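Okay, so here's the structure we're looking at.
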Amino acid sequence: MLEDGQLQEQNTLDTKHNSSWWSSNWLSWSKYSESMLRSLEKKILQIVRKPHRGCYVDIGPVVGSADKIWTISLNTESQNTPLVLLHGLGAGVALWCLNLDAVSSNRPVYAIDLLGFGRSSRPNFSSDGAQAEQQMIKSIEEWAQGDEVERIHPARPQHGRVFGRLVLDDVPARRETPYSSGSLGPARSPSKSIERCLCGSRR
């Protein structure tokens, strides 16, 4: 929780930057962001009825010097293959709030904030695309080892789908049936009739 002095300082910063709808600090991560994110996540997850636990899993120096993955877990006593939920771009574990009760009914469920997102560590990834991809893959693999998750069913929307597939390809021993809850990539071209309508053509 923010102290009164911190709130006053935050209000001063807000006033300073409200003169324009856009500024370089509009989307920046500040020292207040973690507290606000924690509070908002707690409110959102109040809708989850089943007991759940939140904790940080230490994955070591994958990208930064001491990276951690924020993890929400449910029904961990079950012996069935766990379901691991990998969120999409710009999201986090609270994305799954309406699904957690149902999907954890007969198996363990782990929802994680991917490295660089949500409440997980926010290190500076490599500027090289291939290397950054490998860093993300390694972070998920190190998380699975740290949480002692041997085999998984990954559920992944959007870019979580990409990393889930890459992890399974990289470590076949963990592979179970993956579930995709969203699509990634360009949409299909519209039909000719729709295209004619959009272009105002009557041919």
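No value in this document is a laboratory result; all are computed from the given coordinates. Everything numeric here is computed off the predicted structure, so don't read it as measured data. We place every Cβ from the backbone using ideal geometry, glycine too, and count neighbours over all the protein chains shown.
Worth a mention:
- Residue pairs whose Cβ atoms lie under 8 Å apart, separated by 6 or more positions or on different chains, with the first residue in the stretch 88-114 and in contact (Cβ under 8 Å) with a residue 40 or more places away in the chain and in a helix (DSSP H, G or I) and the second acidic (Asp, Glu) and buried (at least 19 other Cβ atoms within 10 Å of the Cβ), are 93/41; 93/113; 94/41.
- Residues in the stretch 42-72 that are without any contact (Cβ under 8 Å) to a residue 60 or more places away in the chain, crowded, with 18+ Cβ neighbours inside 10 Å and closer than 18 Å to residue 144 by Cβ: 68, 70, 72.
- The stretch 109-131, subset under 16 Å from the mean Cα position of the chain (by Cα) and among the small types (Gly, Ala, Ser), residue nearest to residue 65 (Cα to Cα): 121
- Selection within the stretch 109-132 - in contact with a strand residue (DSSP E or B) (Cβ under 7 Å, 6 or more places away or on another chain) and more than 19 Å from residue 36 (Cα to Cα): 109, 110, 111, 123
- For the stretch 73-108, filtered to residues that are crowded, with 18+ Cβ neighbours inside 10 Å and among the β-branched types (Val, Ile, Thr), the residue that is farthest from the chain's Cα centre (by Cα) is 103.
- Residues within the stretch 115-136 that are within 30 Å of residue 50 (Cβ to Cβ) and part of a helix (DSSP H, G or I), tallied: 1
- Considering residues of the stretch 137-149 that are among the charged types (D, E, K, R) and assigned to a loop (DSSP other than H, G, I, E, B) only, the residue surrounded by the fewest Cβ atoms within 10 Å (Cβ to Cβ): 148
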